[in-house]
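Take a look at the structure below.
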Amino acid sequence: MSEMKNSNSLTNLTLAAARDGLQNKDFSAVELCNQYIDAIENAGELNCFITKTPEYALAMAKKSDHKIQNGTAGSMEGLPIGMKDLFCTKGVLTTAGSHILDGFKPTYESTVSQNLWDSGAVMLGKMNMDEFAMGSANITSYYGNVINPWQRNDGSNAKLVPGGSSGGSAAAVASNIVIAATGTDTGGSIRQPAAFTGIVGLKPTYGRCSRWGTIAFASSLDQAGPMTRDVRDAAIMLGAMAGFDNKDSTSVNLPVPNYEAALTGDIKGMRIGIPKEYNLDGMPSEITELWQQGAKWLKDAGAEIVDISLPHTKYALPAYYIVAPAEASSNLARYDGIRYGLRVCDDGDSLDDLYEKTRAEGFGAEVQRRILIGTYVLSAGYYDAYYLQAQKVRTKIADDFKQAWQSCDILLTPVTPTAAFGIDEKQDDPLAMYLHDIFTVPSSMAGLPAMSIPAALDNKGLPLGLQLIAKPFDEVNLLRVGHMLENMAGFNAKPQFLASNGLTSKAEGA
Amino acid sequence: MSDLIKGKTGDWEIVIGLEIHAQVTSNAKLFSGAATAFGAEPNTQVSIVDAAMPGMLPVINMESVKQAVRTGLALGCQINKRSIFSRKNYFYADLPQGYQISQFDKPIVGKGKIAIDMGNGEIKQIGIERLHLEQDAGKSIHDQHPKKSYIDLNRSGVTLMEIVSDPDMRSADEAAAFVTKMRSIVRYIGSCDGNMQEGSMRADVNVSVRKLGDELGIRCEIKNMNSMRFIKQAVVYEAKRQVKIIEDGGSIKQETRLFDTIKGETRSMRSKEEAHDYRYFPDPDLLPLVFDQEFIDQMAASLPELPDAKKKRFIKDFKLNDYDASILVAEKEKAAYFDAVAAVKGCDMKMAANWVVSELFGRLNKASVDIVNSPVAPESIGGLIALIKNDTINGKIAKDVFDEMFETGKDAATIIDEKGLKQVTDTGAIEAIIDDIIANNPDQVEKYRDGKSNLIGWFVGQVMKASQGKANPKAVNDILRPKLDI
Amino acid sequence: MSLDKTSVAKIAKLSRIRINDDKQDEMASDLNNIMGFVEQLSQVNVEGVEPMTSVIEMMQRQRDDIISDGGYADDILENGPATDMGFFTVPKVVE
């Protein structure tokens, strides 16, 4: 492995390959970590990080080397990851991408991040994200846009969004400046940015990963998951993140299977459902074609393709835009300038002045809009028509899926109706932005596990993903089919900006 | 018994409904593992959950659920096997989450009814609308600094039961009797310590007035009342205030008011002036609370004998009068004391009731001593009564003995022995005293024999005096009369 | 339905977010746009349908009544923008 000595070559390794390399002592955790720290330093313009923690990382890597030496390595030992800045990390600034959490250093560690540290993972830093995970383009972060490492092949050099809300995580994984990253998904915040950046993103079943210590957006939907270079990495990382947590009443007490062992390469006889309602009018033909291609790949691999119907699909997005803001309006009430974070209060101000000024200045426009919508749909006189109606519709959406499981085991759909778009495009209309989540929201509303897998490039050279959706707690089959789909698709394109390539292409383009 | 208010335009009826907030007796809080003890240093009994740090989640305390169900059963209420926690959204400095986790349209306990005892034998049924579980808020302290309020979150997240009555009360006394009864019940079953000074139990009092037979009037809610006396004062003040406003041509504004205990007045609460819209919705961090009949049965089996049942038993088994029985069962410790007296073999319980209610409670009250610290043990009361019954002492001496018992904690027999108070039933000794008195008071004897027969009392008194009260009054009479009536 | 400036002001007040007068029309327009989109939900026949209360069917777990947390006032106050003598402080509130 002579090329290992090159500046950033280790950053090309998948999580699984790096794990094996560490176990074989081909390189040390500190070496691996240092290469990532260098890569991060050279990737500042992507703006993937809100906080970088190289000292933490090196200290953790040293410990990992020790554990690898004495044979007590965990499943993620020495692997340097990015932590979405929605996970509270003890003593490390945690912002949720918001001004309102200025200076907030938790005195506690989220369960998911703790699980990862317990399994040996190394923290490179806190990843940029849409403010409070509200957004599909990572343009709502107080800490600025994240830039997608991919560029269109039309020579335009337009800066593209990485998707959102886990945009920093996605861009960093795609550009090889972290080996993997955590994401959270409320309506598509793992899967959509994964699709936009050509990586794998998995949203587990609601209840699979603890929500304790993860800053809440919409409690009935939020779920943490891995964002990785490939399906095997997702399996390994999910195994480390998942697990029962008695501090979260909605955490499910089920054993965590060996997900990596699920990748058998055998999907013979599995029934793959194709929901007809995911055919949208005016959807770009390359999306439709890729979807059909995906079905064909799985069929060729021995699966059976079944046409199914999820009749209430079109109502998932409007229901989501009632339920999620309603929960958010309440979840975000705690950011009041009293116990932590930003306080804006002038001499002679009343308590209400303090609240109103702090929250006006602390929350960005999109967060304010959602809080107001949420407040409105819960307010007297509107609750029944909006919130209650939405929760009933949600029951019907979940029932659609239950019905579908009678005739299939896994669903195959597109992830997004388009590839990544330019940072300057479309942001005037909040509603147009919401439509990016149209394929990811229904499974979120039903709490189902779902995964985005990079499958092809569009005609502008941008990655497109396919989504798989599974039954509750059937991440094993989700990963198994995902692994097969990944193999069949053979997607191996890389973004223009890649840590190990240096910054050449980017520099030329700039 | 209605207290009608005499207005210029006629009589007005007071209508009162109560919301009682009772802190559930538990070690830890409703949704966190922080302690609940009263009086700790600020913010020391606060977990990161209670302070609503980002990412914190609630997990419910089993004890709170059990105590709510037990209380519901004790109040004769329907228990809901499926209930839902909802968020009540509002901003306040001592409400860290920006919402209170409470129960809204699906509370853990539904309708029931309790009887209140008006002390004159009148029993009135008061409807219970519901009982639900909720979090307490923290505490704002306004008098520490001229420009700032200070926030202590120690109470934040402590379990409260909110018990809502129907608007069935018609007088200040009924309102106070309802709170008294509620306090008695929760203390009997141990679901709340009922300590109103420390705020473990407090009441919001809804008051409205109407002409008899009219529809309900617009009500005002008087917040956070923590004594029976203030409740009565506040109700009377508030009802009169409302009558005056209406009779002067005004109308009542539905609002939240505070009772100023110094001025004895209610006033509008500024912090609650703004229109409420609590935007209740089911808390997505919690699942519906579901339990089965077996659990309810277990909780029912865990209940002690309740005050109403105890009173019935005391009346039936011990032939007590209603008054004594009511007093004896009002507090669980008093009732337990009396039950301990009843356990003394062969004790005359009617006498015991009299001794406990008038003599013991009177002395405890005077000395401000709680029944659980009574210097006189229940067995000692039993012992005293036994000594009266077997003529060892008479009733008058018994009171002196009881004083001594109360003072020293010794039992009656010991005191009687030590002080030589044993009743003289030796007829020879009594006869000698009588002979002496007759011989020394010829004038009185003559008057008696001339027909002033009520002088017999004077003679008895002289004998008792001479015997230092120890002579058996019956024996004195038996010997004295034949000697005078010669 | 349509949200006007007054309703925006009202929900902004409920949400404790100050939205200046000159921004209320713009916000009203944004919100109306979104509300217009969600309006289609009323088309769904939900007769006899229970509203979802938990997406995964499971029982509410209950903790034992033991003191297992708290006792770290310094941690609680550590991020406080204004504290004094172990308390958080806010502008004086008149009850």
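The values are calculated or read from the model by the stated rules, or taken from the named source; none is laboratory data. Because the structure is a prediction, the values reported are computed rather than measured. Cβ placement follows ideal geometry from the backbone for every residue including glycine, while neighbour counts extend to all protein chains displayed.
Would you mind finding the one in A:82, A:74 that is crowded, with 24+ Cβ neighbours inside 10 Å and under 26 Å from residue A:185 (Cβ atoms)?
On the way: A:74 fails: crowded, with 24+ Cβ neighbours inside 10 Å.
Selected residue: A:82, the only one of A:82, A:74 that is crowded, with 24+ Cβ neighbours inside 10 Å and under 26 Å from residue A:185 (Cβ atoms).
Which of the following residues is within 23 Å of the chain's Cα centre (by Cα) and surrounded by 23 or more Cβ atoms within 10 Å (Cβ to Cβ): A:43, A:61?
On the way: A:61 fails: within 23 Å of the chain's Cα centre (by Cα).
Unique residue meeting the criteria: A:43.
Look at region B:300-356 and say how many of its residues are within 17 Å of residue B:382 (Cβ to Cβ) and in a helix (DSSP H, G or I).
22
Which condition does residue C:16 not pass, out of (1) farther than 22 Å from residue A:371 by Cβ; (2) modelled with pLDDT of 95 or more; (3) not in a helix (DSSP H, G or I); (4) not acidic (Asp, Glu), if it passes all the others?
The number of the failed condition is (1).
Regarding region A:423-434, can at least one residue be identified that is surrounded by 24 or more Cβ atoms within 10 Å (Cβ to Cβ), of a type in the set (Ser, Thr, Tyr) and in contact (Cβ under 8 Å) with a residue 24 or more places away in the chain?
No, region A:423-434 contains no residue that is surrounded by 24 or more Cβ atoms within 10 Å (Cβ to Cβ), of a type in the set (Ser, Thr, Tyr) and in contact (Cβ under 8 Å) with a residue 24 or more places away in the chain.
Got a number for residues in region A:79-90 being outside any strand (DSSP E or B) and in contact with a strand residue (DSSP E or B) (Cβ under 6 Å, 6 or more places away or on another chain)? Show your work before the answer.
Filtering region A:79-90 down to residues outside any strand (DSSP E or B) leaves A:79, A:85-86, A:88, A:90.
Cutting the leftovers down to in contact with a strand residue (DSSP E or B) (Cβ under 6 Å, 6 or more places away or on another chain) gives us A:85-86.
Final tally of qualifying residues: 2.
Are any residues in region A:384-427 in contact with a helix residue (DSSP H, G or I) (Cβ under 7 Å, 6 or more places away or on another chain), assigned to a helix (DSSP H, G or I) and hydroxyl-bearing (Ser, Thr, Tyr), and if so, which ones?
A:386, A:387
Hey, could you check region A:64-78 for residues that are over 14 Å from residue A:118 (Cα atoms) and in a loop (DSSP other than H, G, I, E, B) and say which is nearest to the chain's Cα centre (by Cα)?
Restricting to residues being over 14 Å from residue A:118 (Cα atoms) and in a loop (DSSP other than H, G, I, E, B), the top hit is A:71.
Which condition from (1) assigned to a strand (DSSP E or B); (2) more than 23 Å from the chain's Cα centre (by Cα); (3) more than 14 Å from every other protein chain (Cβ to nearest Cβ) is the one that residue B:86 breaks?
(3)
Among the numbered conditions (1) in a loop (DSSP other than H, G, I, E, B); (2) under 25 Å from residue C:67 (Cα atoms); (3) of a type in the set (Lys, Arg), tell me where residue B:70 comes up short.
Of everything listed in (1) in a loop (DSSP other than H, G, I, E, B); (2) under 25 Å from residue C:67 (Cα atoms); (3) of a type in the set (Lys, Arg), residue B:70 misses just condition (1).
Against the definition (more than 13 Å from chain A (Cβ to nearest Cβ) and farther than 21 Å from residue B:225 by Cβ), how does residue B:78 come out, yes or no? Step through it out loud before you land on a result.
Details: more than 13 Å from chain A (Cβ to nearest Cβ): yes; farther than 21 Å from residue B:225 by Cβ: yes.
When the stated conditions are applied, residue B:78 passes them.
From the list A:337, A:341, which residue is among the small types (Gly, Ala, Ser), within 14 Å of chain B (Cβ to nearest Cβ), outside any helix (DSSP H, G or I) and touching a strand residue (DSSP E or B) at 6+ places or on another chain (Cβ under 9 Å)? Give the derivation first.
Values: A:341 fails: touching a strand residue (DSSP E or B) at 6+ places or on another chain (Cβ under 9 Å).
Answer to the check: A:337.
Residue-by-condition table, conditions (1) modelled with pLDDT of 95 or more; (2) surrounded by fewer than 24 Cβ atoms within 10 Å (Cβ to Cβ):
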site: A:120; (1), (2): yes, no
site: A:124; (1), (2): yes, no
site: A:130; (1), (2): yes, no
site: A:143; (1), (2): yes, yes
site: A:155; (1), (2): no, yes
site: A:167; (1), (2): yes, no
site: A:175; (1), (2): yes, no
site: A:181; (1), (2): yes, no
site: A:187; (1), (2): yes, no
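Using beta carbons and a limit of 8 Å, which pairs, at least six apart or on different chains, have the first residue in region B:26-47 and within 7 Å of another protein chain (Cβ to nearest Cβ) and under 20 Å from residue B:150 (Cβ atoms) and the second one part of a loop (DSSP other than H, G, I, E, B) and acidic (Asp, Glu)?
B:34/B:50
Out of curiosity, is residue A:365 surrounded by fewer than 19 Cβ atoms within 10 Å (Cβ to Cβ), within 20 Å of residue A:434 (Cα to Cα) and either touching a helix residue (DSSP H, G or I) at 6+ places or on another chain (Cβ under 7 Å) or touching a residue at least 12 places away in the same chain (Cβ under 8 Å) (or both)?
Values: surrounded by fewer than 19 Cβ atoms within 10 Å (Cβ to Cβ): yes; within 20 Å of residue A:434 (Cα to Cα): yes; either touching a helix residue (DSSP H, G or I) at 6+ places or on another chain (Cβ under 7 Å) or touching a residue at least 12 places away in the same chain (Cβ under 8 Å) (or both): yes.
Yes.
Based on this model, can you work out whether residue B:117 counts as in contact with a strand residue (DSSP E or B) (Cβ under 7 Å, 6 or more places away or on another chain), within 14 Å of chain A (Cβ to nearest Cβ) and surrounded by fewer than 24 Cβ atoms within 10 Å (Cβ to Cβ)?
no
So is residue B:465 closer than 22 Å to residue B:397 by Cα, free of Cβ contacts under 8 Å to residues at least 60 places away in the same chain and not in a helix (DSSP H, G or I) or not? Can you show your working first?
Numbers: closer than 22 Å to residue B:397 by Cα: yes; free of Cβ contacts under 8 Å to residues at least 60 places away in the same chain: yes; not in a helix (DSSP H, G or I): no.
So residue B:465 fails the test.
Inspect region A:288-302 for any residue being in contact (Cβ under 8 Å) with a residue 12 or more places away in the chain and within 14 Å of another protein chain (Cβ to nearest Cβ) and give the result as yes or no.
No, region A:288-302 contains no residue that is in contact (Cβ under 8 Å) with a residue 12 or more places away in the chain and within 14 Å of another protein chain (Cβ to nearest Cβ).
Could you list, in sequence order, the residues of region B:103-117 that are under 21 Å from residue B:278 (Cα atoms) and not in a strand (DSSP E or B)?
Initial filter on region B:103-117 (under 21 Å from residue B:278 (Cα atoms)): B:103-108.
Passing the criteria: B:104, B:105, B:106, B:107, B:108.
In this structure, is residue A:23 surrounded by fewer than 16 Cβ atoms within 10 Å (Cβ to Cβ), modelled with pLDDT of 95 or more and under 21 Å from residue A:238 (Cα atoms)?
On the way: surrounded by fewer than 16 Cβ atoms within 10 Å (Cβ to Cβ): yes; modelled with pLDDT of 95 or more: yes; under 21 Å from residue A:238 (Cα atoms): yes.
Answer is yes for this residue.
Name the residues in region A:344-359 that are of a type outside the set (D, E, K, R) and either more than 7 Å from chain C (Cβ to nearest Cβ) or buried (at least 23 other Cβ atoms within 10 Å of the Cβ) (or both), would you?
Pass one, region A:344-359, residues of a type outside the set (D, E, K, R): A:344-345, A:348, A:350-351, A:354-355, A:358.
Residues satisfying the conditions are A:344, A:348, A:351, A:354, A:355, A:358.
Within region B:134-237, which strands (runs of 3 or more DSSP E) (wholly inside it) include 3 or more residues that are within 14 Å of another protein chain (Cβ to nearest Cβ) and either in contact with a Phe, Trp or Tyr (Cβ under 9 Å, 6 or more places away or on another chain) or surrounded by fewer than 20 Cβ atoms within 10 Å (Cβ to Cβ) (or both)? Outline the logic, then answer.
Working: elements: B:139-141, B:148-152, B:159-165, B:201-211, B:220-225.
Ranges flagged: B:139-141, B:148-152, B:220-225.
If I ask for residues that are away from chain B (no Cβ under 14 Å) and part of a loop (DSSP other than H, G, I, E, B), which ones from region A:360-383 would you list?
Result: A:364, single match.
Against the conditions (1) facing another protein chain (nearest Cβ under 7 Å); (2) of a type in the set (Lys, Arg); (3) surrounded by fewer than 23 Cβ atoms within 10 Å (Cβ to Cβ), where does residue A:402 fall short? Just the number, please.
In the conditions (1) facing another protein chain (nearest Cβ under 7 Å); (2) of a type in the set (Lys, Arg); (3) surrounded by fewer than 23 Cβ atoms within 10 Å (Cβ to Cβ), residue A:402 misses (1) alone.
Which of (1) more than 30 Å from residue A:340 (Cβ to Cβ); (2) more than 14 Å from every other protein chain (Cβ to nearest Cβ); (3) under 24 Å from the mean Cα position of the chain (by Cα) is the odd one out, the single condition residue B:107 does not satisfy?
(3)
Among the residues of region C:40-63, which ones are over 20 Å from residue A:320 (Cβ atoms) and either touching an Asp or Glu at 6+ places or on another chain (Cβ under 8 Å) or of a type outside the set (Asp, Glu) (or both)? Quick ask: steps written out before the conclusion?
Pass one, region C:40-63, residues over 20 Å from residue A:320 (Cβ atoms): C:47-48, C:57-63.
Answer for region C:40-63, where residues must be over 20 Å from residue A:320 (Cβ atoms) and either touching an Asp or Glu at 6+ places or on another chain (Cβ under 8 Å) or of a type outside the set (Asp, Glu) (or both): C:48, C:58, C:59, C:60, C:61, C:62, C:63.
Take region A:105-118 and flag every residue that is buried (at least 24 other Cβ atoms within 10 Å of the Cβ), assigned to a loop (DSSP other than H, G, I, E, B) and of a type in the set (Ser, Thr, Tyr).
So the first thing to find is which residues in region A:105-118 are buried (at least 24 other Cβ atoms within 10 Å of the Cβ), and the list is A:106, A:110-113, A:116.
From the residues that got through so far, the ones that are assigned to a loop (DSSP other than H, G, I, E, B) too are A:106, A:110.
Listed by number, the list holds a single entry, A:110.
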